[in-house]
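A short worksheet on the structure shown next.
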Amino acid sequence: MGQILDGKGLADLLAGKLQEEVADLKEQGIKPLFCVINIGDDPSSKIYLRTKKKRAQEIGIAQRIYQLPANESQADLLALIDQLNEDSRINGIMIQLPVPEQIDVNEALEHINPEKDVDCLTPSNVGRLWRGDHFVEPATAHGILALLKHYKINLRGKNVVIIGRSSIVGKPLAALMLEQDATVSILHLKTKNLSEYTKRADILVSAAGQANLVTSEMIKPGTVVVDVGINQVNGHTVGDVDFKTVAPKASYITPVPGGIGPLTVESLMEQVVKLTRRNHGR
Ligand code: NAD
């Protein structure tokens, strides 16, 4: 049976450290303030907003949620971003995804001041990520790397296979893993024969959003399995990995829930603190 990679435990540990760091900053008169723009009423977004709010409160980070109507116009959204960009008290801005159809999400993201871009989604920050001189990292990718580091799982020279090529998980994770000398393959919906790649993986990350996508026949014994997926099946939250059959064959494996999810939220708070320091020249 593979060892459980306890994301929840690590997230709690790191949150404790971050809480001390925030208390220290507050003593110097620096108060991290973070804004989330949520447009419409996507049910998953509501859950994510609640989780973020709870974690921010625990750590001592002030958070404002701008709840906008589902029919919000692009012009009004850009005007709000301008206002937040100009407010020197605000250190981090993020747009909760997904957004309604009428919103041009790329234009909205481009509008965020890169110095306040906690999700690392502005074009200049994405460029810095691939160039290897970034000052902010996308939360999920950051959380995955923190978990591997905590369990002393080295990436150098390892074959890493990532299922999923989204801008928020697969692509930034590939950039950060390349920086640590892994050999990275990114698979996606049009990839033919996933097993051909996954069987060669030393570390397999699944971020596809499909329950039971990864089965035991798809991995070699001793693979490190990181399950990013969050899927609802019969009222239960499950990942992309068929945990029951894959866990006995893996060397390490993340559970869902309690794996990457809590680390993502904690890592987001770390990015807020990082940008706060930077905005104050610390
Ligand atoms: P997305 O829909 O933007 O991207 C999914 C990617 O997976 C796409 O590139 C697609 O090509 C690929 N894919 C889907 N089905 C596939 C299949 N059968 N075979 C091969 N490739 C396939 O999704 P996303 O925003 O990147 O999120 C992916 C999953 O991760 C979702 O379940 C989401 O809820 C979850 N997620 C979890 C966290 C966390 O903190 N745990 C954070 C972000 C996303």
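The values are calculated or read from the model by the stated rules, or taken from the named source; none is laboratory data. All figures in this text were calculated on a predicted structure; none of them were measured in a lab. So basically every Cβ, Gly included, is an ideal-geometry build from the backbone, and we count neighbours across all protein chains shown. We work out accessible area using only protein heavy atoms, side chains counted, and drop any ligands, DNA or RNA first. Shrake-Rupley method; radii C 1.70, N 1.55, O 1.52, S 1.80 Å.
Scan region 104-152 residue by residue and report those that are basic (Lys, Arg) and touching a residue at least 60 places away in the same chain (Cβ under 8 Å).
Hit for region 104-152 is Lys116, nothing else.
Checking the structure you have, find out if any residue of region 50-65 is buried (at least 19 other Cβ atoms within 10 Å of the Cβ) and in contact with a His (Cβ under 9 Å, 6 or more places away or on another chain).
No, because not a single residue in region 50-65 is buried (at least 19 other Cβ atoms within 10 Å of the Cβ) and in contact with a His (Cβ under 9 Å, 6 or more places away or on another chain).
This table checks each residue for (1) open to solvent by 20 Å² or more (accessible area, probe 1.4 Å); (2) under 24 Å from His150 (Cβ atoms); (3) at pLDDT 95 or above; (4) within 18 Å of the chain's Cα centre (by Cα).
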| position | (1), (2), (3), (4) |
| --- | --- |
| Asp12 | yes, yes, yes, yes |
| Pro43 | yes, no, no, no |
| Ile47 | yes, no, no, yes |
| Glu86 | yes, no, yes, no |
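Looking only at residues that are within 16 Å of the ligand (Cβ to nearest atom) and either over 19 Å from Asp82 (Cβ atoms) or of a type in the set (Ser, Thr, Tyr) (or both) in region 93-128, which one is surrounded by the fewest Cβ atoms within 10 Å (Cβ to Cβ)?
Glu101
Just a yes or no: is a residue in region 184-194 closer than 30 Å to Gly40 by Cα and either away from the ligand (no atom under 15 Å from the Cβ) or not small (Gly, Ala, Ser) (or both)?
Yes: region 184-194 contains one or more residues that are closer than 30 Å to Gly40 by Cα and either away from the ligand (no atom under 15 Å from the Cβ) or not small (Gly, Ala, Ser) (or both).
Is it true that Ala75 is open to solvent by 50 Å² or more (accessible area, probe 1.4 Å), over 20 Å from the mean Cα position of the chain (by Cα), of a type in the set (A, V, I, L, M) and over 19 Å from Asn106 (Cβ atoms)?
no
In this structure, is Thr264 near the ligand (Cβ under 10 Å from one of its atoms), β-branched (Val, Ile, Thr), touching a helix residue (DSSP H, G or I) at 6+ places or on another chain (Cβ under 8 Å) and open to solvent by 30 Å² or more (accessible area, probe 1.4 Å)?
yes
If you go through region 233-243, how many residues are open to solvent by 70 Å² or more (accessible area, probe 1.4 Å) and closer than 16 Å to Gly258 by Cβ?
Of the residues in region 233-243, 2 are open to solvent by 70 Å² or more (accessible area, probe 1.4 Å) and closer than 16 Å to Gly258 by Cβ.
Tally time: how many residues in region 206-221 are more than 10 Å from the ligand (Cβ to nearest atom) and open to solvent by less than 40 Å² (accessible area, probe 1.4 Å)?
The number of residues fulfilling the criteria is 4.
Give the residues of region 145-182 that are closer than 16 Å to Trp130 by Cα and part of a loop (DSSP other than H, G, I, E, B), sorted by residue number.
Hits for region 145-182 are Arg165, Ser166, Ser167, Ile168, Val169, Gln180, Asp181, Ala182.
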